[in-house]
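Heads up: the structure comes next, in C-alpha coordinates.
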Amino acid sequence: MKKLMLVAVASVFLFAGCEEKKAEEVKVEAKPAAAAEQPAAKAAPAPSDIAVRAGVQSIDWEKAIEMNAKGAIYVDVRNPPELNQGYAPYAVNIPLGEIRERFSELPKDKDLLIYCRSGRRSEAATKFLMDQGYTRVYNVLGGYLAFPQK
(Lines give C-alpha, C1' and ligand atoms only; values in the text may rest on other atoms or scores of the structure.)
Protein backbone atom coordinates (compact mmCIF):
# COMPACT_ATOMS: atom_id res chain seq x y z
CA MET A 1 0.00 0.00 0.00
CA LYS A 2 2.86 2.36 0.86
CA LYS A 3 4.52 1.65 -2.50
CA LEU A 4 1.29 2.39 -4.32
CA MET A 5 0.92 5.69 -2.46
CA LEU A 6 4.56 6.57 -3.23
CA VAL A 7 3.99 5.88 -6.93
CA ALA A 8 0.83 8.03 -6.91
CA VAL A 9 2.60 10.94 -5.22
CA ALA A 10 5.55 10.65 -7.60
CA SER A 11 3.16 10.73 -10.57
CA VAL A 12 1.51 13.89 -9.27
CA PHE A 13 4.89 15.61 -8.97
CA LEU A 14 5.88 14.41 -12.42
CA PHE A 15 2.83 15.98 -14.05
CA ALA A 16 2.45 18.97 -11.73
CA GLY A 17 5.52 20.80 -12.94
CA CYS A 18 4.97 23.10 -15.86
CA GLU A 19 8.39 24.48 -16.65
CA GLU A 20 9.20 24.17 -20.28
CA LYS A 21 12.18 21.94 -20.87
CA LYS A 22 14.89 23.56 -22.91
CA ALA A 23 15.62 21.41 -25.90
CA GLU A 24 16.55 21.88 -29.48
CA GLU A 25 13.48 22.17 -31.69
CA VAL A 26 13.44 20.76 -35.18
CA LYS A 27 11.48 22.43 -37.94
CA VAL A 28 9.30 20.10 -40.02
CA GLU A 29 10.12 20.00 -43.71
CA ALA A 30 7.23 20.33 -46.16
CA LYS A 31 6.26 17.10 -47.92
CA PRO A 32 4.42 17.36 -51.23
CA ALA A 33 2.19 14.34 -50.46
CA ALA A 34 0.99 15.86 -47.18
CA ALA A 35 0.08 19.12 -48.89
CA ALA A 36 -2.04 17.25 -51.46
CA GLU A 37 -3.97 15.45 -48.71
CA GLN A 38 -5.01 18.61 -46.85
CA PRO A 39 -8.03 20.53 -48.15
CA ALA A 40 -7.48 24.26 -48.73
CA ALA A 41 -10.12 25.26 -46.15
CA LYS A 42 -8.41 23.36 -43.30
CA ALA A 43 -6.94 25.60 -40.59
CA ALA A 44 -3.83 23.44 -40.15
CA PRO A 45 -0.58 25.36 -39.95
CA ALA A 46 1.98 25.29 -42.73
CA PRO A 47 4.76 22.77 -42.04
CA SER A 48 7.24 25.64 -41.60
CA ASP A 49 5.13 26.96 -38.68
CA ILE A 50 5.37 23.70 -36.71
CA ALA A 51 8.20 22.72 -34.38
CA VAL A 52 8.47 19.06 -33.40
CA ARG A 53 10.04 17.79 -30.19
CA ALA A 54 9.66 14.24 -28.91
CA GLY A 55 7.03 13.63 -31.59
CA VAL A 56 4.82 16.52 -30.40
CA GLN A 57 3.88 19.26 -32.86
CA SER A 58 4.23 22.73 -31.35
CA ILE A 59 3.21 26.17 -32.59
CA ASP A 60 3.53 29.69 -31.21
CA TRP A 61 0.64 31.86 -30.00
CA GLU A 62 0.54 33.90 -33.19
CA LYS A 63 -0.21 30.77 -35.23
CA ALA A 64 -2.57 29.42 -32.53
CA ILE A 65 -4.64 32.63 -32.63
CA GLU A 66 -4.78 32.44 -36.42
CA MET A 67 -5.91 28.78 -36.27
CA ASN A 68 -8.48 29.57 -33.56
CA ALA A 69 -10.00 32.23 -35.80
CA LYS A 70 -10.50 29.48 -38.39
CA GLY A 71 -12.21 27.10 -35.95
CA ALA A 72 -9.45 25.44 -33.89
CA ILE A 73 -10.28 24.85 -30.21
CA TYR A 74 -8.15 25.99 -27.27
CA VAL A 75 -7.72 23.33 -24.57
CA ASP A 76 -6.37 24.64 -21.26
CA VAL A 77 -4.86 21.82 -19.17
CA ARG A 78 -4.17 23.95 -16.08
CA ASN A 79 -5.92 23.36 -12.76
CA PRO A 80 -9.02 25.50 -12.04
CA PRO A 81 -7.31 27.88 -9.55
CA GLU A 82 -4.77 28.79 -12.25
CA LEU A 83 -7.58 30.10 -14.46
CA ASN A 84 -7.76 33.15 -12.19
CA GLN A 85 -4.63 34.37 -14.02
CA GLY A 86 -6.63 34.42 -17.26
CA TYR A 87 -7.22 32.10 -20.20
CA ALA A 88 -7.56 32.11 -23.96
CA PRO A 89 -11.03 33.09 -25.22
CA TYR A 90 -13.56 30.22 -25.21
CA ALA A 91 -10.95 27.70 -24.01
CA VAL A 92 -12.12 24.29 -22.83
CA ASN A 93 -10.59 23.48 -19.42
CA ILE A 94 -9.57 19.87 -18.87
CA PRO A 95 -6.84 19.72 -16.20
CA LEU A 96 -3.98 17.36 -17.04
CA GLY A 97 -4.93 15.16 -14.09
CA GLU A 98 -8.36 14.59 -15.67
CA ILE A 99 -7.30 14.18 -19.30
CA ARG A 100 -7.37 10.35 -19.19
CA GLU A 101 -11.02 10.34 -18.09
CA ARG A 102 -12.22 13.29 -20.17
CA PHE A 103 -10.31 13.23 -23.48
CA SER A 104 -13.36 11.82 -25.27
CA GLU A 105 -15.01 15.24 -24.77
CA LEU A 106 -12.63 16.62 -27.40
CA PRO A 107 -13.49 16.28 -31.10
CA LYS A 108 -11.06 14.45 -33.38
CA ASP A 109 -12.21 16.38 -36.45
CA LYS A 110 -11.00 19.81 -35.28
CA ASP A 111 -7.57 21.26 -34.58
CA LEU A 112 -6.88 21.29 -30.83
CA LEU A 113 -4.53 23.93 -29.41
CA ILE A 114 -3.24 22.63 -26.06
CA TYR A 115 -1.70 24.99 -23.51
CA CYS A 116 -0.90 25.16 -19.79
CA ARG A 117 1.09 27.69 -17.76
CA SER A 118 4.44 27.44 -19.54
CA GLY A 119 4.37 24.38 -21.79
CA ARG A 120 5.37 21.20 -19.98
CA ARG A 121 1.92 19.89 -19.02
CA SER A 122 0.49 20.83 -22.40
CA GLU A 123 3.27 18.89 -24.12
CA ALA A 124 2.38 15.82 -22.01
CA ALA A 125 -1.34 16.29 -22.79
CA THR A 126 -0.60 16.68 -26.51
CA LYS A 127 1.47 13.49 -26.51
CA PHE A 128 -1.29 11.64 -24.63
CA LEU A 129 -3.95 12.78 -27.13
CA MET A 130 -1.72 11.72 -30.02
CA ASP A 131 -1.39 8.29 -28.39
CA GLN A 132 -5.22 8.13 -28.32
CA GLY A 133 -5.43 8.68 -32.08
CA TYR A 134 -5.80 12.46 -32.26
CA THR A 135 -3.88 13.78 -35.27
CA ARG A 136 -4.90 17.44 -35.29
CA VAL A 137 -3.41 18.38 -31.92
CA TYR A 138 -0.79 21.09 -31.31
CA ASN A 139 1.13 22.14 -28.21
CA VAL A 140 1.21 25.95 -27.84
CA LEU A 141 4.78 27.00 -27.01
CA GLY A 142 5.35 29.00 -23.84
CA GLY A 143 1.92 28.25 -22.40
CA TYR A 144 -0.29 30.99 -21.01
CA LEU A 145 2.79 32.90 -19.84
CA ALA A 146 3.49 33.63 -23.52
CA PHE A 147 -0.15 34.53 -24.37
CA PRO A 148 -0.19 37.98 -26.00
CA GLN A 149 -1.74 40.49 -23.60
CA LYS A 150 -3.58 43.40 -25.20
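Annotations for the structure displayed:
- Boolean, residue 87 is surrounded by 15 or more Cβ atoms within 10 Å (Cβ to Cβ) and either at pLDDT below 95 or in a loop (DSSP other than H, G, I, E, B) (or both): yes
- Tabulated pairs, segment 99-120, first closer than 12 Å to residue 137 by Cβ and at pLDDT 95 or above, second buried (at least 20 other Cβ atoms within 10 Å of the Cβ) and of a type in the set (Val, Ile, Thr), C-beta under 6 angstrom, 6+ apart or interchain: 112/75; 112/137; 113/140; 114/75; 114/126; 115/140
- Matching option when the condition is among the polar types (S, T, N, Q) and within 16 Å of residue 65 (Cα to Cα), among 93, 139: 139
- Top-ranked residue of segment 95-150 - restricted to ones that are part of a loop (DSSP other than H, G, I, E, B) and aliphatic (A, V, I, L, M), ranked as surrounded by the fewest Cβ atoms within 10 Å (Cβ to Cβ): 106
- With respect to (1) part of a loop (DSSP other than H, G, I, E, B); (2) surrounded by 12 or more Cβ atoms within 10 Å (Cβ to Cβ); (3) out of contact with any Asp or Glu (no Cβ under 8 Å at 6 or more places or on another chain); (4) not hydroxyl-bearing (Ser, Thr, Tyr), the lone exception for residue 75 is condition (1).
- Matching entry among 124, 54, 88, 146 (being under 10 Å from the mean Cα position of the chain (by Cα) and among the small types (Gly, Ala, Ser)): 124
The values are calculated or read from the model by the stated rules, or taken from the named source; none is laboratory data. Since we're looking at a predicted model, the values are computed, not measured. Positions of Cβ are backbone-derived with ideal geometry, glycine not excepted, and every protein chain shown enters the neighbour counts.
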